[in-house]
Number of protein chains: 2
Amino acid sequence: MGRPTIADIARRAGVSKGAVSFALNGRPGVSEATRARILRVADEMNWRPHSAARALGGARADAVGLVIARPARTIGVEPFFSQLLSGLQAVLSAHSVALHLMVVEDTTAEIEVYRNWASEHRVDGFIVVDLQVRDPRLEVLEELALPAVVLGGPGRGGGGPLRIWADDREAMLSIVDYLAAIGHRRIAHLAGLPHFQHTQRRIRALRDASRRLGLEEAVSVPTDFSDAEGAAATRTLLSRPRRPTAIVYDSDVMAVAGLGVAGEMGVAVPGELSIVSFDDSVLARIVHPPLTALSRDTFALGEQVARSLLAVVDETGPGRDLQMPTPRLTVRESTSPPAAGSPVRAGVAPTVDSGSEPV
Amino acid sequence: MGRPTIADIARRAGVSKGAVSFALNGRPGVSEATRARILRVADEMNWRPHSAARALGGARADAVGLVIARPARTIGVEPFFSQLLSGLQAVLSAHSVALHLMVVEDTTAEIEVYRNWASEHRVDGFIVVDLQVRDPRLEVLEELALPAVVLGGPGRGGGGPLRIWADDREAMLSIVDYLAAIGHRRIAHLAGLPHFQHTQRRIRALRDASRRLGLEEAVSVPTDFSDAEGAAATRTLLSRPRRPTAIVYDSDVMAVAGLGVAGEMGVAVPGELSIVSFDDSVLARIVHPPLTALSRDTFALGEQVARSLLAVVDETGPGRDLQMPTPRLTVRESTSPPAAGSPVRAGVAPTVDSGSEPV
DNA sequence: CTGCTGTACTAAACCGGTCTAGCTATGGCA
DNA sequence: TGCCATAGCTAGACCGGTTTAGTACAGCAG
């Protein structure tokens, strides 16, 4: 005989299937004595529930879904993802909920996976990352009516999935304020993929701050988050006759790549170039010099996302959007006031530049 | 009405449930005309299979399981895991197979999860990592009789799950040979957790190589793979009066941490200390100086593991163990011959030391 | 015309649970 | 004594598929 079923237990205990089901699920309908007997028999026979059978009846899948529409390599390279995964797992595993993970080509495929998993009762809810400017996934999720947590920007107040986000705008402002305070007037920003909402927010914040502070230059360069583009863009920026005195990188992978390029080109960090990473991970701490970075606690973010999603699934939770604490800038050794003899002094008098319009 | 079922399709198409099932699964039993009609109706109604219902009948789950018994933080910190995950996903997603992921406390919990997922038909197979010296998981997997791929050491030839491994011994030998060839006589090894098989293999290989080459010293220090212990152990080693001229790190996280410590302590790399990492990732390439590292293609390993597992699941595959290409040493700038004036010359004449017995 | 084969299809069992309707025995109460 | 409420339990429908046994009919040989 294969795995025991509740029918087997019922036979052995001399009761009906229904009684066994009641007993095993701790619901009324059987006496305590019978319940104890049934539990003992179930234990003896080493019974385990068959999730598929339960799911047929519409029960929990005890799993949540995460679909990522980026190249598979990304997970390995981007600390943000692995940290997020870590945080998610920390909470999920405590609740014995598994993570159903899949990497797909593009948003279209991602939506297809949502539909499949939803209709197959594979998961109890979804975690959505990389919120886009006009995101086609949101309406699909609403249509599917499954619990979901979206990582990103405040929603329009109305319905739709729960949102969790950090204030990217404030964060960028704090970086620019800091750099301006120590004397920087030409700041570059290596941004991420332009159709992501958080990229847009950061670009806009930099532009606004630049206007407000009257910076000479503040330019955002979109990239694909890869170390390759980060390095290439850095090289281009540093080759310009009047190069920026500070560069803000949207990911630590790019920041570290940028640091490497500066080293190769003989540009001293922080003497001739200050570097700030928008993301803090081991990476930022262990390079030399250690990078000034925005300490977003991505692990904690993952934990919070998992907690919120489980709360929605259980219908116990505060079904409302949540803003994470604004990340704080951790100043390390990759930033300093620009050198007195730096190219900033050369040539014409500084003029107020409203920032080249990106994207 | 909720999601359409095959009963709905049957009603609309004017056939029986059975006919619909035959048509949708491409099996004989219906005429081509009827099949086309049924498929059209199914498409119109936007039908999708309900995996739970299929699983009840014993069909595929279209998911494979990976359970990791390490602190959740590990996934975020250790590039090995995220790279492995990437590789797995690359192949799995191409086959529309999801990854069922869970992080647990210890091996006991891990085994419990295996039993649960197996009996619940949640997954079609397992991926097992961190093979231990006497691994209790192996017999459980055999008992469960589900396809599995174990990442590590060659098996005993007999039954048991499929094995995939790289030759850790050869790899370590190549590192030691290289270091000895450029003149190093005192080598330290920051090893991983001692109950892992690969840790044992590397320790033994170092000891054997040391004897063969007649090195002055070759010591393995077990750690927990964390950057903290990597840094601490490095500090201890470098504080000794006769410090090693080269350190081999079992993970790149530790290697980078060690590099940081050397910097703090004013020990020049590679001038006074050569550093080799047993693991090559972005990390090793982007620090300064870039680390000489063993180029294990972990992404490719993940791909191969996924391919093999799917092959076993489909019963199409070469059900045999597989050895990955032995990783090659990539020499970068963190290694050089030991300085002429290094402490190696001081004091007594070099003696042959068989290596302090570790573990 | 009978018997045989093969094709196209239907009806119903089945997978392993959950859940509802209903049955029985018992006790409380007027 | 009669009536009702309730605890404790059973039988069986149900979830959405797959699969098997069986039926109806056509074609063909003898």
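What the table below lists for this structure:
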item: Filter result (modelled with pLDDT under 90, farther than 30 Å from A:R163 by Cα and more than 11 Å from every other protein chain (Cβ to nearest Cβ)) within region A:274-317; result: none
item: Positions within region A:238-270 being of a type in the set (G, A, S) and within 16 Å of A:R186 (Cβ to Cβ), in sequence order; result: A:S239, A:A246, A:G258, A:A262
item: Qualifying residue in region A:112-127 (condition: under 21 Å from B:S86 (Cα atoms), buried (at least 23 other Cβ atoms within 10 Å of the Cβ), touching a residue at least 24 places away in the same chain (Cβ under 8 Å) and more than 16 Å from DNA strand D (Cβ to nearest atom)); result: yes
item: Pairs where the first residue, in region A:6-21, is more than 14 Å from chain B (Cβ to nearest Cβ) and over 15 Å from A:A36 (Cα atoms) and the second is more than 8 Å from DNA strand D (Cβ to nearest atom) and of a type in the set (S, T, N, Q), C-beta under 9 Å, 6+ apart; result: A:K17/A:T5
item: Unmet requirement for B:A55, which otherwise passes all of (1) in contact with a Phe, Trp or Tyr (Cβ under 7 Å, 6 or more places away or on another chain); (2) within 30 Å of B:V150 (Cα to Cα); (3) within 13 Å of DNA strand C (Cβ to nearest atom); result: (1)
item: Segments classed as helices (runs of 4 or more DSSP H), wholly inside region A:1-91, with at least 3 members that are closer than 30 Å to B:L85 by Cα and within 14 Å of DNA strand D (Cβ to nearest atom); result: A:51-56
item: Cβ pairs under 6 Å, 6+ apart, first in region A:231-255 and more than 14 Å from every other protein chain (Cβ to nearest Cβ), second part of a loop (DSSP other than H, G, I, E, B) and of a type in the set (A, V, I, L, M, F, W, C); result: A:L238/A:M265; A:L238/A:V267; A:D250/A:F278
item: Selection within region B:136-174 - in contact (Cβ under 8 Å) with a residue 60 or more places away in the chain and of a type in the set (D, E); result: B:D167, B:E170
item: Leading residue by the ranking (surrounded by the most Cβ atoms within 10 Å (Cβ to Cβ)) among those in region A:58-72 that are of a type outside the set (D, E) and within 16 Å of DNA strand C (Cβ to nearest atom); result: A:A61
item: Any hit, region A:115-128, residues being under 30 Å from B:A300 (Cβ atoms), within 13 Å of another protein chain (Cβ to nearest Cβ) and assigned to a helix (DSSP H, G or I); result: yes
item: Among (1) on the phi > 0 side of the Ramachandran plot; (2) near DNA strand C (Cβ under 10 Å from one of its atoms), the one test that A:N46 misses; result: (2)
item: Sole exception among (1) facing chain A (nearest Cβ under 8 Å); (2) surrounded by fewer than 20 Cβ atoms within 10 Å (Cβ to Cβ); (3) modelled with pLDDT under 85 for B:I75, by number; result: (2)
item: From the options B:E32, B:E112, residue that is out of contact with any helix residue (DSSP H, G or I) (no Cβ under 9 Å at 6 or more places or on another chain) and more than 16 Å from DNA strand C (Cβ to nearest atom); result: B:E112
item: Residue check, B:G271 at the interface with chain A (Cβ under 10 Å from one of its Cβ atoms) and of a type outside the set (S, T, N, Q); result: no
item: Condition broken by B:W165, with the remaining ones in (1) farther than 24 Å from B:L273 by Cβ; (2) more than 20 Å from the chain's Cα centre (by Cα) satisfied; result: (2)
item: Subset of region B:213-234 that is more than 28 Å from the chain's Cα centre (by Cα) and charged (D, E, K, R) - its residue that is farthest from B:R73 (Cα to Cα); result: B:E216
item: Candidate set from region A:92-109 (those that are more than 7 Å from chain B (Cβ to nearest Cβ) and outside any helix (DSSP H, G or I)); member that is surrounded by the most Cβ atoms within 10 Å (Cβ to Cβ); result: A:V97
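The values are calculated or read from the model by the stated rules, or taken from the named source; none is laboratory data. Note that the coordinates shown come from a computational prediction; the quantities given were computed from them, not determined experimentally. Here the Cβ is made from the backbone with ideal geometry for all residues, glycine too, and neighbour counts use every protein chain on show.
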